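For reference, the structure discussed in these notes is given below.
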Amino acid sequence: MSPDTIRVSRILPRYHALQGGATGFVSLRIRRGMAYNAPRFSPGSRIEERLMMIESDAFVQAMQDMGVNFFTGVPDSILGGIIAELLDRRLYTPAVREDEAVAMAAGAYMGGKIPAVLMQNSGLGTSLNALISLNVIYRQPCILIVSWRGQGGKDAPEHLVMGEVMPQFLDTMKIPHRTLTEKTAIEDFKWVAETFMKQRIPVALFITKGVVKGLHP
């Protein structure tokens with residue numbers, strides 16, 4: 001077994017799927033820990049089915065329960081609630097640019113961390129070279145938490161082009177992606193963990209306005 005294989009097996013220990021309604025969990029955690037547990041997302045928890053909105057602290061806790069332990073990025077209004085919660089937990093290292101955040105995440109991964117990068121989708125253009133020439137080629141995975149500005153042609157003019165082409169943009173770069181919804185949150189987090197473990201490249205989770213509770217209504 002190569003040193004690289006040993007390292008990956010320690011960082012990404014296991015994946016348990018939910019089948020036939022049975023309770024399972026997803027974990028990216030190094031060595032120990034309770035992993036992402038489905039009951040956190042059941043009706044009556046902080047993800048309220050009646051409100052159809054995921055609380056920011058529940059989102060952050062789910063990421064931590066999966067083993068994510070390094071968060072960086074560039075602020076965006078859709079991600080404001082998540083970033084505020086990360087700051088409250090002293091988990092967030094801010095970056096000036098998205099490509100800087102991607103590079104920081106790569107360094108964190110090489111240091112044994114499980115990294116996540118928060119950005120709005122315009123930042124994908126800024127970080128394109130870093131993602132392709134560093135993360136993809138050298139198998140430096142990170143979770144890209146990307147706000148989908150300009151979705152459906154409804155946003156400020158500067159967001160409309162990227163809002164329209166973002167899925168195809170990531171398809172071209174061969175970066176897997178999925179859109180988080182309130183009803184599929186369990187499956188969405190499972191998919192992120194499984195894809196991260198299997199492919200060892202950046203994986204993107206899109207967040208649209210109103211899915212995760214922000215700083216403002």
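The values are calculated or read from the model by the stated rules, or taken from the named source; none is laboratory data. Please read these numbers as outputs of a predicted model, since none were measured by experiment. A quick note on method: Cβ atoms are made from the backbone with ideal geometry, for glycine too, and the neighbour counts reach across all protein chains shown.
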Number of the exception - D155 against (1) modelled with pLDDT under 95; (2) within 23 Å of V68 (Cβ to Cβ); (3) outside any helix (DSSP H, G or I); (4) not hydrophobic (A, V, I, L, M, F, W, C) = (2)
Give segment 193-217 a look and list any residue that's out of contact with any Lys or Arg (no Cβ under 7 Å at 6 or more places or on another chain) and either over 22 Å from K154 (Cβ atoms) or free of Cβ contacts under 8 Å to residues at least 60 places away in the same chain (or both), or say none.
-> A193, E194, T195, F196, M197, K198, Q199, P202, V203, P217
Go through segment 53-124 and tell me which helices (runs of 4 or more DSSP H), entirely inside it, have 3 or more residues that are under 24 Å from A185 (Cβ atoms) and over 14 Å from the mean Cα position of the chain (by Cα).
-> 80-88
Would you please name the residue that is surrounded by the most Cβ atoms within 10 Å (Cβ to Cβ), looking only at residues in segment 193-214 that are β-branched (V, I, T) and closer than 25 Å to M53 by Cα?
-> V212
Answer with yes or no whether A116 is crowded, with 23+ Cβ neighbours inside 10 Å and modelled with pLDDT of 95 or more.
-> yes
Which one is surrounded by the fewest Cβ atoms within 10 Å (Cβ to Cβ), of the residues in segment 64-73 that are at pLDDT 95 or above and either touching a helix residue (DSSP H, G or I) at 6+ places or on another chain (Cβ under 8 Å) or among the acidic types (D, E) (or both)?
-> F70
